[in-house]
Amino acid sequence: MPRVVLDTSVSLPATLSPTGMARKLWVLLAYGALNHQVEQHDMELDLLRAEAETTATQPTGLKHSAEEAEAAEQQRAILRELLPHNAPEQWVALGSAALFDEYERKVREIGKRLNPNVRETDVRPLRRQMEAICAAGSPPFDPAQAPILTRDRRDDPIVYTALLAGANYLISDDHDIVPDGHEHHYEHDQHHVLALTFSRFLAVYFQPTDLDWSAIDGHWLRHAYQDPLHRT
């Protein structure tokens, strides 16, 4: 299961605009999150059903878990039907409270530059969407205690998130995070992650290489997750 962390230089255009390559990747990560959810629900249901067989009673939460599993499966089925036949199922995004806080701050500060329709009332729903699509996260940590890893102290919690979460890739177009212009390796306390630009990630590391990106519509995100900026 390839794991990625997107910093705000990528996550902002991915979430605030329904077009562009960042948004297409975001749709695929949403699909990966749904696959991860379905797998987790299936494992939970197996445990609850095994408990029911053992105790001859219906465990608390079985009905609710089954309903959640069905909803996730329906969402996944919608995207699966729309996406190209070889769309990857296992790419997932990772996050942390520090990453979500930074995202929320940046939406408030510069969101209107990317999408003039962004309103203050959209900020929290956008954050919740990002939290939902990030299938897993790093252990909790105090951003102020993050080790010095970059030239910009504000970026250290982002890199630290990727390290602690066990991400394979940290995708960023921030020159303080990827100072070499293409790739930069980070290591700390036996954790390591490859930071690279968005274009480098797509050109060299994304699989499958023959995916038809033109067949992916950024508007499809709303079929799987609530899109605060999709207004009818």
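The values are calculated or read from the model by the stated rules, or taken from the named source; none is laboratory data. If you're wondering where the values come from, they're calculated on a predicted model, not measured in any experiment. Here the Cβ positions follow ideal geometry from the backbone for every residue, glycine too, while neighbour counts run over all protein chains shown.
Summary table below
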item: Residues (of a type in the set (Lys, Arg) and in a loop (DSSP other than H, G, I, E, B)) located in the range 131-180; result: Arg151
item: Which listed residue is outside any helix (DSSP H, G or I) and either touching a helix residue (DSSP H, G or I) at 6+ places or on another chain (Cβ under 6 Å) or in the same structural domain as Pro140 (by TED's automatic domain parsing) (or both), from Leu29, Leu94; result: Leu94
item: Where a residue in the range 131-148 is under 10 Å from Tyr160 (Cβ atoms) and its partner, wherever it lies, is assigned to a helix (DSSP H, G or I) and polar (S, T, N, Q), with Cβ under 8 Å and at least six apart; result: Ser138/Thr161
item: Sole exception among (1) outside any loop (DSSP other than H, G, I, E, B); (2) free of Cβ contacts under 8 Å to residues at least 60 places away in the same chain; (3) more than 15 Å from the chain's Cα centre (by Cα) for Asp101, by number; result: (3)
item: Within the range 2-34, tally of residues that are basic (Lys, Arg) and crowded, with 24+ Cβ neighbours inside 10 Å; result: 0
